[in-house]
1. What number of residues in segment 147-161 are at pLDDT below 65 and of a type in the set (Phe, Trp, Tyr)?
2. Considering only residues of segment 61-77 that are over 15 Å from CYS27 (Cα atoms) and hydrophobic (A, V, I, L, M, F, W, C), which is surrounded by the most Cβ atoms within 10 Å (Cβ to Cβ)?
3. Identify, from the list ARG114, ARG109, ARG74, ARG144, the residue that is in a helix (DSSP H, G or I), modelled with pLDDT of 85 or more and not hydroxyl-bearing (Ser, Thr, Tyr).
4. Do we have any residue at all in segment 38-49 that's within 32 Å of the chain's Cα centre (by Cα) and either at pLDDT below 85 or of a type in the set (Val, Ile, Thr) (or both)?
5. Quick test for you: out of VAL42, VAL58, VAL89, pick the one residue that is in contact with a helix residue (DSSP H, G or I) (Cβ under 7 Å, 6 or more places away or on another chain), in contact (Cβ under 8 Å) with a residue 24 or more places away in the chain and open to solvent by less than 50 Å² (accessible area, probe 1.4 Å).
Amino acid sequence: MGLLLLRCLAALLGLLAVAYAADGTECSKMTNTTCEDCLKNVSCLWCNTDRKCLDYPVKNILPPSSLCKLKDARWGICWVNFEAVIIAVSVVGGVLILSVIICCCCCCRKKKNRNSSLETEKSIREKEERRVRQEERRVQMKSRHDEIRKKYGLFKEDNPYSKFES
């Protein structure tokens, strides 16, 4: 993923270099000058080993090692080489990807907790409704059984003439 991001960045930089060439001077004329003079033209690439100012190879994403090694190649800023750019872009890309993954996990966990608390409330409510319905059925069954007992004389009512026990 980091390499893909780096390639996209390099391609963008190459396109910018071609599109925004500073003054149209050829980069090879700036050889044996300073890095700052060479890089005033954004389409130029400075190679530290042989102090050459070269045209940036737009067809390639990164300058090939035959042209200049990555640790010695400079583009845009003299104090940053391509190796540092690759490492920095990879680290930043990795941190961004990791932070997106962590944010997604946190959001999913919060949503799951929210849903589970809603489900808990829902289950408590349903349990209470079942208990109320069960109690209503119990009362209905008791009254039905009492009616059947009265019909067949099995119901033991309090007899007002029963023996008084002290």
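The values are calculated or read from the model by the stated rules, or taken from the named source; none is laboratory data. Given the structure is predicted, the values throughout are model-derived calculations rather than measurements. Quick reminder, even Gly has a Cβ in these numbers, built from the backbone with ideal geometry, and neighbours come from all protein chains shown. What goes into the accessible areas is simple: the full protein's heavy atoms, side chains included, and nothing from ligands, DNA or RNA. Shrake-Rupley method; radii C 1.70, N 1.55, O 1.52, S 1.80 Å.
1. Of all residues in segment 147-161, those at pLDDT below 65 come to 157-161.
From the residues that got through so far, the ones that are of a type in the set (Phe, Trp, Tyr) too are 161.
Result for segment 147-161: 1.
2. The extreme case among them is LEU62.
3. Working: ARG114 fails: modelled with pLDDT of 85 or more; ARG109 fails: modelled with pLDDT of 85 or more; ARG74 fails: in a helix (DSSP H, G or I).
Going through ARG114, ARG109, ARG74, ARG144 in turn, the sole match is ARG144.
4. The first filter runs over segment 38-49 and keeps only residues within 32 Å of the chain's Cα centre (by Cα), leaving none.
Among the residues of segment 38-49, not one is within 32 Å of the chain's Cα centre (by Cα) and either at pLDDT below 85 or of a type in the set (Val, Ile, Thr) (or both), which makes the answer no.
5. Working: VAL42 fails: open to solvent by less than 50 Å² (accessible area, probe 1.4 Å); VAL58 fails: open to solvent by less than 50 Å² (accessible area, probe 1.4 Å).
Testing whether each residue is in contact with a helix residue (DSSP H, G or I) (Cβ under 7 Å, 6 or more places away or on another chain), in contact (Cβ under 8 Å) with a residue 24 or more places away in the chain and open to solvent by less than 50 Å² (accessible area, probe 1.4 Å) leaves just VAL89.
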